[in-house]
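Data block below; observations after.
The values are calculated or read from the model by the stated rules, or taken from the named source; none is laboratory data. Just so it is clear, the structure is predicted and the values come from calculations on it, not from any experiment. Positions of Cβ are backbone-derived with ideal geometry, glycine not excepted, and every protein chain shown enters the neighbour counts.
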Amino acid sequence: MAGNRTLTIIKPDAFNSGKGGQIIAHLEKAGFKIIATRVMRLTESQASAFYAVHRERPFFAPLVRFMTSGKCMPVVLERSDAVAALRTAIGATDPAEAEAGTVRKLYAESKERNAIHASDSDENAERESRFFFPESELV
Ligand code: CMP
């Protein structure tokens, strides 16, 4: 059965240009409830660990540089069928390919500076939520 929680990160491009609040409002309108959030600047070691699955990809080093370039906002969200619903709400990785009305179409600059991250499975949603938040904040 699909889980009801997922993890998003409002990335440094969107957060630093003052789009965090609008993106959160967009997600709340799409039926998501905020369970936990914080504002932080990732260290190189945290960004490398979070994106370890992409370690061998050519975009890994620029991705880590981008994700550590300013503050970001990890958020645990709750809704029915959360992982799929969030991925629909944010749109394709490349904003040029994202559907009208999605977060990335509205707020992303490019395939790399794409405003927002979303977990791609229930298992990763759980793992990524624990990456940022202690169990006590996820009740
Ligand atoms: P995200 O959903 O956070 O997961 C991995 C990130 O790597 C992705 O968003 C983009 O920011 C980045 N990314 C993925 N593919 C590319 C690519 N081809 N070129 C540059 N960045 C990419």
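Please go through the stretch 57-86 and give me each residue that is near the ligand (Cβ under 9 Å from one of its atoms) and either free of Cβ contacts under 8 Å to residues at least 24 places away in the same chain or more than 22 Å from Ser17 (Cβ to Cβ) (or both), ordered by number. Show your work before the answer.
In the first step, residues of the stretch 57-86 are kept if they are near the ligand (Cβ under 9 Å from one of its atoms); the result is 57-60, 62-63, 66-67.
Residues satisfying the conditions are Arg57, Pro58, Phe60.
Of the set (1) farther than 13 Å from Ser119 by Cα; (2) among the charged types (D, E, K, R); (3) over 13 Å from the mean Cα position of the chain (by Cα), all apply to Arg104 but (3).
Which residues, counting only those in the stretch 1-20, are assigned to a loop (DSSP other than H, G, I, E, B) and within 15 Å of the ligand (Cβ to nearest atom)? Break it down into steps so the answer makes sense when it comes.
Looking only at the stretch 1-20, we keep the residues that are assigned to a loop (DSSP other than H, G, I, E, B), and these are 1-4, 11, 17-19.
Passing the criteria: only Lys11.
Residue pairs whose Cβ atoms lie under 8 Å apart, sitting 6 or more positions apart in sequence or on different chains, and linking a residue in the stretch 121-139 that is under 15 Å from Leu86 (Cα atoms) to a partner that is loosely packed, with under 13 Cβ neighbours inside 10 Å and modelled with pLDDT under 95, are Asp122/Ala2.
Residues in the stretch 104-139 that are out of contact with any helix residue (DSSP H, G or I) (no Cβ under 7 Å at 6 or more places or on another chain), farther than 18 Å from Gly91 by Cβ and assigned to a helix (DSSP H, G or I): Glu123, Asn124, Glu126, Arg127, Glu128, Ser129, Arg130, Phe132, Glu135, Ser136, Glu137.
Hey, can you tell me all the residues within the stretch 84-103 that are within 26 Å of Arg41 (Cβ to Cβ) and assigned to a helix (DSSP H, G or I)? Of everything in the stretch 84-103, those that are within 26 Å of Arg41 (Cβ to Cβ) and assigned to a helix (DSSP H, G or I) turn out to be Leu86, Arg87, Ala89, Ile90, Pro95, Val103.
Every condition in (1) in contact with a strand residue (DSSP E or B) (Cβ under 7 Å, 6 or more places away or on another chain); (2) more than 13 Å from the ligand (Cβ to nearest atom); (3) over 19 Å from Asn4 (Cα atoms) holds for Thr37 except the one numbered (3). Ala98 is checked against (1) over 13 Å from the mean Cα position of the chain (by Cα); (2) buried (at least 19 other Cβ atoms within 10 Å of the Cβ); (3) over 13 Å from Thr6 (Cβ atoms); (4) touching a residue at least 40 places away in the same chain (Cβ under 8 Å) and fails just one. What number does that condition carry? If we test Ala98 against (1) over 13 Å from the mean Cα position of the chain (by Cα); (2) buried (at least 19 other Cβ atoms within 10 Å of the Cβ); (3) over 13 Å from Thr6 (Cβ atoms); (4) touching a residue at least 40 places away in the same chain (Cβ under 8 Å), just (4) comes out false. Output the residue which, of all residues in the stretch 40-56 that are part of a helix (DSSP H, G or I) and surrounded by fewer than 16 Cβ atoms within 10 Å (Cβ to Cβ), is nearest to the ligand (Cβ to nearest atom). By that ranking, first place goes to His54.
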